[in-house]
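Visitor: This is the structure, below, for whatever I ask next.
The values are calculated or read from the model by the stated rules, or taken from the named source; none is laboratory data. Just so it is clear, the model here is predicted, and its values are computed rather than measured. Here the Cβ is made from the backbone with ideal geometry for all residues, glycine too, and neighbour counts use every protein chain on show.
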Amino acid sequence: MRRLPALLVFLASAFRSADAQDQADPGKPRIEWTDDLPEAMARGAREGKPLVVCFVAGWCSVCAGFESGALKSPQVNALADRFVWVKIDVERSVSLVRTYQVRATPRIDFLDAGGHTRVRISGALPSTEFREQLDGFLTLLQANTAPGLREIDGSSYTTLSDTPAGYRGLSICFSNVGYGPLRLGSQSPFQAIRFGMDPRTPSTLAEGQWEARVTESWSNAFIYDADNGLLVDYEMLDTRVAVAFGVIDELELELEYENRSAFGGVLDRFINAFHRTFGLTDAGRHNFPRNQFQIQIPDSKGTPTVDFDNSDRGSFSNSLLLTVQHNVSCGTEYLPAFAYALTLRADLDTTVGLSGGLWVEPQLSVSASKAIGDFYLYGSVAFAWFGTQHQGGIRYRTTQLSGLGALEWRFDSAMSLILQYLVSQGAVDSLGPFSTNSHEITLGWKWEIAPLVVFEFGLIENLINFSNSPDFGLHFGLSYRF
């Protein structure tokens with residue numbers, strides 16, 4: 001047994017030595033890949049070399065076998081210096097997939113030095129046959145025949161059957177990203193005053209594509225604690241209008257305008273009727289008139305009393321948001337898609353009496369998603385920085401951490417049901433339940449009512465924290481890609 005560790009060390013050293021010798025041996029050329037097709041074409045024209053362009057996907061098992069087999073075989077690598085080699089991930093290069101009409105992976109195109117496609121191979125080939133095709137292409141170029149296209153069917157391939165033609169077809173990462181969560185921020189009393197998480201997916205628009213979006217979120221908040229003299233009774237309308245643009249397939253810019261206004265409880269009648277119908281307690285709603293706007297929070301640990309009434313109705317926040325989102329990966333058969341985004345928010349005007357803080361508030365968010373059959377799992381985390389803010393004697397926290405989890409069931413090719421849960425860190429200090437995390441659950445529905453047009457609807461319900469979350473709400477949205 002004592003000899004086993006020594007043997008393992010010897011074998012590891014031998015493998016490392018052999019690998020290093022392989023790389024250092026000029027007689028064993030290796031393929032050097034690039035994912036920049038325009039640069040590769042410029043290099044091919046400059047050096048007079050043809051191109052081999054391989055379209056692959058992370059979830060394509062046939063691609064994995066072709067890459068580990070034929071593309072790493074000695075007979076193919078012996079021609080490494082005769083070509084410029086390009087590898088394209090079809091999910092992160094939607095524009096190229098359209099241009100080159102890729103319908104299956106792997107797809108291998110042989111291009112001459114002028115950038116013309118001369119040979120198209122759909123599917124994987126064994127290393128010997130692939131080497132023969134490379135030799136034949138070089139012979140064809142030497143013969144200087146007129147440009148033409150020869151198509152070859154490989155032994156096996158994966159059809160891009162999930163490539164959507166509508167709304168999802170204008171963005172990348174379509175295999176691990178569905179229609180996505182509802183674009184609904186926090187509706188909780190104090191979190192809603194500031195910048196909250198804007199749910200996102202790792203997908204970005206394809207290069208040159210646009211999206212226009214408008215959403216309306218209408219929520220009712222009612223919190224009553226007679227023993228402590230606490231009353232929160234109002235409704236809020238959150239209106240957002242946004243336009244986004246795909247700079248390149250992996251990078252998206254979005255400009256969004258948001259307005260939030262508070263008013264009396266128009267939904268009170270409906271909510272009371274709902275409670276009566278199902279025999280639920282109304283938590284003291286019957287003690288107060290309908291359609292009122294009133295917030296009374298007693299002083300707590302030196303924090304002054306908060307007192308708003310009907311005279312404080314109206315718009316309380318107008319802001320402009322600029323977001324840059326970058327896709328890192330569309331995932332694989334086992335790993336999720338991943339992206340990050342930076343958002344800058346500027347208040348155009350505010351009437352809630354917030355003082356101090358930053359003129360532009362930044363937020364960094366990361367998002368991931370994974371498809372499992374007809375279901376998509378989403379997760380996002382966001383961290384926002386506000387600086388030191390005060391409202392009267394109330395001190396707001398300088399940062400806020402938010403998290404979102406969502407499950408989407410695509411039960412139809414153009415329709416999904418969505419369940420999402422948003423948790424946001426308490427926004428204020430020393431203010432009883434409003435210093436705790438808010439928990440918001442939404443049941444949603446998305447429907448591609450026409451090609452490139454998606455309608456979304458959501459029901460907001462308070463099921464976890466009754467003291468720092470909206471009681472009930474409705475969410476509507478319409479998105480159009482072009």
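Visitor: Which pairs have Cβ atoms under 6 Å, sit 6 or more apart or on different chains, and link a residue in segment 205-223 that is under 20 Å from L443 (Cα atoms) and of a type in the set (A, V, I, L, M) to one that is modelled with pLDDT of 95 or more and in a strand (DSSP E or B)?
Guide: That search, which allows pairs on different chains as well, returns V214/V241; V214/L478.
Visitor: What tally of residues in segment 439-460 results from selecting those that are surrounded by 15 or more Cβ atoms within 10 Å (Cβ to Cβ) and either modelled with pLDDT under 90 or part of a loop (DSSP other than H, G, I, E, B) (or both)?
Guide: 1
Visitor: Here is a list of conditions, (1) buried (at least 17 other Cβ atoms within 10 Å of the Cβ); (2) among the aliphatic types (A, V, I, L, M); (3) at pLDDT 90 or above, and V90 meets all of them except one; can you say which number that is?
Guide: In the conditions (1) buried (at least 17 other Cβ atoms within 10 Å of the Cβ); (2) among the aliphatic types (A, V, I, L, M); (3) at pLDDT 90 or above, V90 misses (3) alone.
Yes or no, residue by residue, for (1) modelled with pLDDT under 75; (2) part of a loop (DSSP other than H, G, I, E, B); (3) under 38 Å from the mean Cα position of the chain (by Cα):
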site	(1), (2), (3)
S311	no, no, no
L322	no, no, yes
Y334	no, yes, yes
L342	no, no, yes
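Visitor: Next up: List pairs: first in segment 119-138 and over 15 Å from F66 (Cβ atoms), second among the polar types (S, T, N, Q), Cβ under 8 Å, 6+ apart or cross-chain?
Guide: Short answer, once both residue conditions are applied: V119/Q133.
Visitor: Taking the condition surrounded by fewer than 22 Cβ atoms within 10 Å (Cβ to Cβ), within 19 Å of G154 (Cβ to Cβ) and among the aliphatic types (A, V, I, L, M), does A64 pass? So that I can check it myself, show each step before the final result.
Guide: Details: surrounded by fewer than 22 Cβ atoms within 10 Å (Cβ to Cβ): yes; within 19 Å of G154 (Cβ to Cβ): yes; among the aliphatic types (A, V, I, L, M): yes.
Considered against the rule, which asks whether it is surrounded by fewer than 22 Cβ atoms within 10 Å (Cβ to Cβ), within 19 Å of G154 (Cβ to Cβ) and among the aliphatic types (A, V, I, L, M), A64 comes out as yes.
Visitor: Taking E32 as the residue in question, decide whether it is surrounded by 10 or more Cβ atoms within 10 Å (Cβ to Cβ), under 30 Å from S175 (Cα atoms) and modelled with pLDDT of 50 or more. Break it down stepwise before answering.
Guide: On the way: surrounded by 10 or more Cβ atoms within 10 Å (Cβ to Cβ): no; under 30 Å from S175 (Cα atoms): yes; modelled with pLDDT of 50 or more: yes.
Here the answer is no, as E32 does not meet what is asked.
Visitor: Oh, and also: Can you find a residue in segment 331-342 that is in contact with an Asp or Glu (Cβ under 8 Å, 6 or more places away or on another chain), in the same structural domain as A427 (by TED's automatic domain parsing) and of a type in the set (S, T, Y)?
Guide: No, segment 331-342 contains no residue that is in contact with an Asp or Glu (Cβ under 8 Å, 6 or more places away or on another chain), in the same structural domain as A427 (by TED's automatic domain parsing) and of a type in the set (S, T, Y).
Residue-wise test of (1) outside the structural domain of V328 (by TED's automatic domain parsing); (2) in contact with a His (Cβ under 6 Å, 6 or more places away or on another chain); (3) at pLDDT 90 or above; (4) over 29 Å from A42 (Cβ atoms).
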| position | (1), (2), (3), (4) |
| --- | --- |
| R103 | yes, no, no, no |
| F110 | yes, no, yes, no |
| P126 | yes, no, yes, yes |
| L138 | yes, no, yes, no |
| G148 | yes, no, no, no |
| V177 | no, no, yes, yes |
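Results for (1) of a type in the set (S, T, Y); (2) farther than 16 Å from F190 by Cα; (3) part of a strand (DSSP E or B), shown as yes or no for each residue.
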| residue | (1), (2), (3) |
| --- | --- |
| P362 | no, yes, yes |
| S369 | yes, yes, yes |
| Y376 | yes, yes, yes |
| V381 | no, yes, yes |
| H390 | no, no, yes |
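Visitor: Restricting to segment 72-117, give me the number of residues that are free of Cβ contacts under 8 Å to residues at least 40 places away in the same chain and part of a strand (DSSP E or B).
Guide: Of the residues in segment 72-117, 1 are free of Cβ contacts under 8 Å to residues at least 40 places away in the same chain and part of a strand (DSSP E or B).
Visitor: Being touching a residue at least 40 places away in the same chain (Cβ under 8 Å) and assigned to a helix (DSSP H, G or I), is that true of even one residue in segment 154-168?
Guide: yes
Visitor: Separate question: Kindly provide the set of residues from segment 191-237 that are part of a loop (DSSP other than H, G, I, E, B), buried (at least 21 other Cβ atoms within 10 Å of the Cβ) and more than 19 Å from the chain's Cα centre (by Cα), ordered by number.
Guide: Listed by number, the list holds a single entry, R194.
Visitor: Then there's this: Inspect all residues belonging to segment 385-398 and state whether any of them is within 16 Å of G196 (Cβ to Cβ) and at pLDDT below 90.
Guide: yes
Visitor: Related question: Of these, L417, L422, L401, L431, which one is under 16 Å from V177 (Cα atoms) and in contact (Cβ under 8 Å) with a residue 24 or more places away in the chain?
Guide: L417 is the lone residue from the list that is under 16 Å from V177 (Cα atoms) and in contact (Cβ under 8 Å) with a residue 24 or more places away in the chain.
Visitor: Looking at (1) among the charged types (D, E, K, R); (2) buried (at least 17 other Cβ atoms within 10 Å of the Cβ); (3) within 30 Å of G166 (Cα to Cα), which is the only condition D412 fails?
Guide: D412 satisfies all of (1) among the charged types (D, E, K, R); (2) buried (at least 17 other Cβ atoms within 10 Å of the Cβ); (3) within 30 Å of G166 (Cα to Cα) except (2).
Visitor: Cβ-Cβ distance below 8 Å, separation of 6 or more or different chains: which pairs start in segment 38-54 with a residue that is not assigned by TED's automatic domain parsing to the domain that holds E67 and end on one that is among the β-branched types (V, I, T) and at pLDDT below 95?
Guide: From segment 38-54, no pairs qualify.
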